[in-house]
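Take a look at the structure set out below.
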Amino acid sequence: MLKHILFIIISLSGILLLAEAPTTVEYVDLLRYQGTWYEIAKVPNRFQKVCAKNTTATYKLKEDGNISVINRCIEKSGKVNDIEGVAKIIDNKTNAKLAVSFVRFFWKNWFFGDYWILGIAEDYSWVVVGGPNPKYGWILAREPSISEETMEMAYQIAEEKGYKREDFELSVQELDVGKRK
């Protein structure tokens, strides 16, 4: 009986080891990546539950080599919700694997999460972000909306990386009255 259980455990471990993490893009130019990105779609997660619309992420390179991250959204009540964090580059060869933390105390950031760039437009107009598993995922763009064709390309990349398009939820982006043309 113990041999059978041990065999099952070893077999399952082998299967888990064969499951590969998704590949990232070959290289990210962090100077081009910095700036504001609009959330087009996301895999729903607990830490964004309060966000109702206009979710953005703004990245800025810091002198210490890390990246400042400011996530902002508008809650159902109309209140602006923003949080500042830091991203560390995990893979210096590609700059495509980052670790992000929004928890800071005792002058140090704690509890880093994976932030992998899985696909990006040549002109840096949109990006697919995720991690080693499809628990978290985002489609971001430089503008508040993207074409159906671009959305299809982003979904295809996400699916190639192990995500299901039906797991993504479209984000609401409403322009401020003062910004409308």
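The values are calculated or read from the model by the stated rules, or taken from the named source; none is laboratory data. What you are looking at is a predicted structure, and each value in this text was computed from that prediction instead of being measured. A quick note on method: Cβ atoms are made from the backbone with ideal geometry, for glycine too, and the neighbour counts reach across all protein chains shown.
Pairing residues of segment 71-96 that are on the phi < 0 side of the Ramachandran plot with residues that are exposed (fewer than 13 other Cβ atoms within 10 Å of the Cβ) and of a type in the set (D, E, K, R), at Cβ distances under 6 Å and at least 6 apart in sequence or on separate chains, gives ARG72/ASP82. Scanning segment 45-60 for residues that are surrounded by fewer than 17 Cβ atoms within 10 Å (Cβ to Cβ), modelled with pLDDT under 95 and of a type in the set (S, T, N, Q) turns up just one, ASN45.
Residues that are modelled with pLDDT of 95 or more and assigned to a loop (DSSP other than H, G, I, E, B) were ranked within segment 128-153; the one that is farthest from the chain's Cα centre (by Cα) is SER147. The set of residues from segment 78-108 being modelled with pLDDT under 85 and closer than 21 Å to THR56 by Cα comprises PHE102, VAL103, ARG104. Beta carbons closer than 9 Å, at least 6 apart along the sequence or on distinct chains, pair a first residue in segment 156-167 that is farther than 13 Å from PRO22 by Cα with a second that is among the acidic types (Asp, Glu) and surrounded by fewer than 16 Cβ atoms within 10 Å (Cβ to Cβ) for ARG165/GLU159. Any residue at all in segment 109-127 that is surrounded by 13 or more Cβ atoms within 10 Å (Cβ to Cβ), in a loop (DSSP other than H, G, I, E, B) and touching a residue at least 40 places away in the same chain (Cβ under 8 Å)? For segment 109-127, residues surrounded by 13 or more Cβ atoms within 10 Å (Cβ to Cβ), in a loop (DSSP other than H, G, I, E, B) and touching a residue at least 40 places away in the same chain (Cβ under 8 Å): present. Among the residues of segment 83-102, at least one is surrounded by fewer than 17 Cβ atoms within 10 Å (Cβ to Cβ), acidic (Asp, Glu), assigned to a strand (DSSP E or B) and over 14 Å from the mean Cα position of the chain (by Cα). One residue is enough: does segment 159-180 have a residue meeting the conditions in contact with a helix residue (DSSP H, G or I) (Cβ under 9 Å, 6 or more places away or on another chain), at pLDDT below 95 and over 25 Å from TYR27 (Cβ atoms)? So far as segment 159-180 goes, no, none of its residues is in contact with a helix residue (DSSP H, G or I) (Cβ under 9 Å, 6 or more places away or on another chain), at pLDDT below 95 and over 25 Å from TYR27 (Cβ atoms).
Is there a residue being of a type outside the set (D, E, K, R), part of a strand (DSSP E or B) and farther than 21 Å from SER171 by Cβ anywhere in segment 31-50? Looking for residues that are of a type outside the set (D, E, K, R), part of a strand (DSSP E or B) and farther than 21 Å from SER171 by Cβ, one finds none in segment 31-50, hence no. Residues in segment 138-155 that are of a type in the set (Gly, Ala, Ser) and farther than 19 Å from GLN34 by Cα: SER147, ALA154. Taking (1) among the acidic types (Asp, Glu); (2) modelled with pLDDT of 95 or more; (3) surrounded by 14 or more Cβ atoms within 10 Å (Cβ to Cβ) in turn, GLU63 satisfies each apart from (3).
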